[in-house]
Amino acid sequence: MSKLVFEPPTITRLTPGVPSKHGVGAVISPMPSIDGVKVDDLIEKYGSPLFVFSERSIRKGMEDIKRAFSLRYLNVQMAWSYKTNYLDAICRVFHQEGSWAEVVSGFEYDKAIRNGVKGENIIFNGPGKSAEDLEKAARNGSFIHIDHLDELFVLADICQSKDIEARVAIRVNMDIGIYPKWDRFGFNFENGEAWDAINRIMINPRLKLIGLHTHIGTYIMSTDAYRIAATKLADLASNIALKYDYFVSYLDMGGGFATKNTLKGAYLSGEDTMPSFEEYAEAITSAILNSQIKPDKLPTLILETGRALIDNAGYIAGTVLANKRLSDGHRATIVDVGINLLFTGLWYNHKICPVTNHSGLIEETTIYGPLCMNIDLIRPSMMFPSMKRGDRFVITRTGAYNTTQWLQFITTRPNVVLIDQDRKVHLIRKAETIDYISENEIIPGHLA
């Protein structure tokens with residue numbers, strides 16, 4: 001284990017603030033640095049807005065989740081969810097930590113291969129795999145998670161016509177007591193569809209059933225839902241063993257663990273309500289260990305956790321553009337981070353911190369982005385200090401989905417940097433230019 005970097009202590013002045021409908025006592029602490037690197041220095045060198053990732057936080061998250069599950073279960077394998085954040089540098093940190101790749105498209109599959117992941121260490125999920133994708137994955141020995149019968153028949157036809165075999169699993173959806181149910185993906189447990197798909201695979205000599213997979217949803221705060229899902233998946237595995245005397249190699253519980261971000265409309269903070277990795281691990285592993293699966297035939301437990309491992313490691317640093325008063329007298333602050341960059345701002349109340357110390361006086365404020373559209377709203381209402389044009393701020397817990405769902409809309413996408421464990425800063429994605437945006441456009445001759 002590497003030596004920890006010294007973090008100097010800080011002293012924060014506490015000011016009760018101005019009473020409002022939010023009450024009193026809110027404290028907005030400044031965030032002058034990220035992993036010991038000054039935010040002002042980052043913006044001066046790389047521009048504003050700026051995505052910042054902490055390599056130390058990524059590795060710490062992996063250490064925490066692996067410890068939580070490995071203490072409770074013998075064989076656990078992580079598989080990094082590419083759709084959560086497929087910046088190559090980020091993916092390679094996870095792969096260095098022993099994580100496989102979990103992908104949901106041919107594009108993501110090719111990215112994993114380019115990042116040095118072996119075919120046999122790639123899990124291929126998703127409902128939209130092409131015939132070419134399926135053949136490539138089968139030839140590479142990847143785990144193909146079949147989503148529907150049409151895909152099963154296409155893959156069976158490919159394997160027969162090309163004289164190849166495929167290692168497969170099925171995705172199973174089920175009632176776990178959370179609504180609306182995620183029954184769009186995979187085969188249903190309750191109505192027998194999953195068992196029907198299993199039987200079709202088991203009688204096909206070119207399809208080898210390696211595992212069973214479920215993904216019950218996203219930002220799941222109920223550990224009991226995972227207990228129910230693991231119990232039902234283990235029941236399927238037990239029935240396979242009973243009927244065919246065959247033991248699947250793994251149970252894949254997908255992802256969906258919640259982060260410390262607070263959902264819009266939530267009464268309590270995500271920091272107070274999010275289950276720990278230990279609580280998730282206890283629910284999942286207990287269900288498998290208490291099932292009818294024989295102790296010497298326990299499958300590998302695969303986790304596709306994405307959001308909970310990268311959200312805390314991501315930040316967006318930005319700059320205040322202007323202040324104004326709305327018609328009802330409320331203060332509005334306009335910043336250079338729009339909803340095109342902070343897609344998760346649509347469902348999270350992200351924490352926003354000024355970079356420098358402030359007077360301590362805070363006021364109800366609406367935070368708008370710079371886009372010329374009314375929905376460009378970062379926070380509809382929050383207690384925030386008065387910040388003038390040019391002041392800088394940091395939005396925390398932005399690592400998941402924002403660099404995969406960001407939009408090239410009105411403004412270009414900015415630089416992305418990674419702070420390594422020695423506090424060195426690395427540019428891992430360049431800011432876009434007009435040439436980059438236009439290079440794939442073609443002007444017809446009569447418009448040249």
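The values are calculated or read from the model by the stated rules, or taken from the named source; none is laboratory data. All of these numbers come straight from a predicted model, not from anything done at the bench. Please note: Cβ atoms are built from the backbone with ideal geometry, for glycine as well, and neighbour counts cover all protein chains shown.
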> Mind checking which residues of the stretch 359-369 are buried (at least 18 other Cβ atoms within 10 Å of the Cβ) and under 25 Å from residue 40 (Cβ atoms)?
Replying inline: 362, 365, 367, 368, 369
>> Regarding the stretch 366-373, can at least one residue be identified that is assigned by TED's automatic domain parsing to the domain that holds residue 336, in a loop (DSSP other than H, G, I, E, B) and in contact with a strand residue (DSSP E or B) (Cβ under 7 Å, 6 or more places away or on another chain)?
In response: yes
> Of the residues that sit in the stretch 305-343 and are over 19 Å from residue 48 (Cα atoms) and in contact with a helix residue (DSSP H, G or I) (Cβ under 8 Å, 6 or more places away or on another chain), which one is surrounded by the fewest Cβ atoms within 10 Å (Cβ to Cβ)?
Replying inline: 312
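Quick grid of which residues meet (1) assigned to a loop (DSSP other than H, G, I, E, B); (2) at pLDDT 95 or above; (3) under 19 Å from residue 61 (Cβ atoms):
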position	(1), (2), (3)
389	yes, yes, no
393	no, yes, no
399	yes, yes, yes
404	no, yes, yes
407	yes, no, no
411	yes, no, no
422	yes, yes, yes
427	no, yes, no
>> Here is a check on your reading of the model: is residue 165 in contact with a strand residue (DSSP E or B) (Cβ under 9 Å, 6 or more places away or on another chain) and within 30 Å of residue 195 (Cβ to Cβ)?
In response: yes
> Is the stretch 20-31 home to any residue that is outside any loop (DSSP other than H, G, I, E, B), surrounded by fewer than 20 Cβ atoms within 10 Å (Cβ to Cβ) and modelled with pLDDT under 95?
Replying inline: yes
> Which condition breaks for residue 77 when tested against (1) more than 16 Å from the chain's Cα centre (by Cα); (2) buried (at least 21 other Cβ atoms within 10 Å of the Cβ); (3) not hydrophobic (A, V, I, L, M, F, W, C)?
Replying inline: (2)
> Restricting attention to the stretch 43-65, which residues are among the charged types (D, E, K, R) and either in contact with a helix residue (DSSP H, G or I) (Cβ under 9 Å, 6 or more places away or on another chain) or in the same structural domain as residue 337 (by TED's automatic domain parsing) (or both)?
Replying inline: 44, 45, 55, 56, 59, 60, 64
> Quick one: which of 345, 360, 329, 338 is within 27 Å of residue 87 (Cα to Cα), part of a loop (DSSP other than H, G, I, E, B), out of contact with any Phe, Trp or Tyr (no Cβ under 7 Å at 6 or more places or on another chain) and not assigned by TED's automatic domain parsing to the domain that holds residue 76?
Replying inline: 338
>> Checking the structure you have, find out if any residue of the stretch 159-169 is among the small types (Gly, Ala, Ser) and touching a Gly at 6+ places or on another chain (Cβ under 7 Å).
In response: yes
>> Can you say whether residue 285 is in a helix (DSSP H, G or I) and β-branched (Val, Ile, Thr), as far as the supplied structure shows?
In response: yes
> Just one of 142, 130 is under 18 Å from residue 254 (Cα atoms), without any contact (Cβ under 8 Å) to a residue 40 or more places away in the chain and assigned by TED's automatic domain parsing to the domain that holds residue 276; which is it?
Replying inline: 142
> Taking the stretch 188-223 as the region of interest, how many residues are among the aromatic types (Phe, Trp, Tyr) and under 21 Å from residue 81 (Cα atoms)?
Replying inline: 1
> Taking the stretch 36-46 only, how many residues are in a strand (DSSP E or B) and either within 17 Å of residue 414 (Cβ to Cβ) or touching a residue at least 12 places away in the same chain (Cβ under 8 Å) (or both)?
Replying inline: 1
> Quick check: anything in the stretch 47-57 within 17 Å of the chain's Cα centre (by Cα), in a helix (DSSP H, G or I) and of a type in the set (S, T, N, Q)?
Replying inline: yes
> Out of the residues in the stretch 203-231 that are part of a helix (DSSP H, G or I) and surrounded by 22 or more Cβ atoms within 10 Å (Cβ to Cβ), which is nearest to the chain's Cα centre (by Cα)?
Replying inline: 226
>> If a residue must be under 26 Å from residue 125 (Cα atoms) and part of a loop (DSSP other than H, G, I, E, B), how many such residues does the stretch 245-260 contain?
In response: 10
> Within the stretch 83-107, can you find the residues that are free of Cβ contacts under 8 Å to residues at least 60 places away in the same chain, within 14 Å of the chain's Cα centre (by Cα) and closer than 24 Å to residue 413 by Cα?
Replying inline: 91, 103, 104
>> Out of 63, 120, 44, I need the residue that is surrounded by fewer than 19 Cβ atoms within 10 Å (Cβ to Cβ), modelled with pLDDT of 95 or more, closer than 20 Å to residue 250 by Cα and not polar (S, T, N, Q). Which one?
In response: 120
> Which of the residues belonging to the stretch 217-248 are in contact with a Pro (Cβ under 6 Å, 6 or more places away or on another chain) and more than 30 Å from residue 350 (Cα to Cα)?
Replying inline: 248
>> On the basis of being surrounded by 17 or more Cβ atoms within 10 Å (Cβ to Cβ) and either assigned to a loop (DSSP other than H, G, I, E, B) or among the aliphatic types (A, V, I, L, M) (or both), does residue 242 make the cut?
In response: no
>> Which pairs turn up if I take residues in the stretch 324-339 that are over 14 Å from residue 398 (Cβ atoms) and look for partners that are part of a strand (DSSP E or B) and of a type in the set (Gly, Ala, Ser) with beta carbon separation below 9 Å, at least 6 apart in sequence or on another chain?
In response: 324/332; 325/332; 326/332; 330/381; 332/322; 333/322; 334/322; 336/318
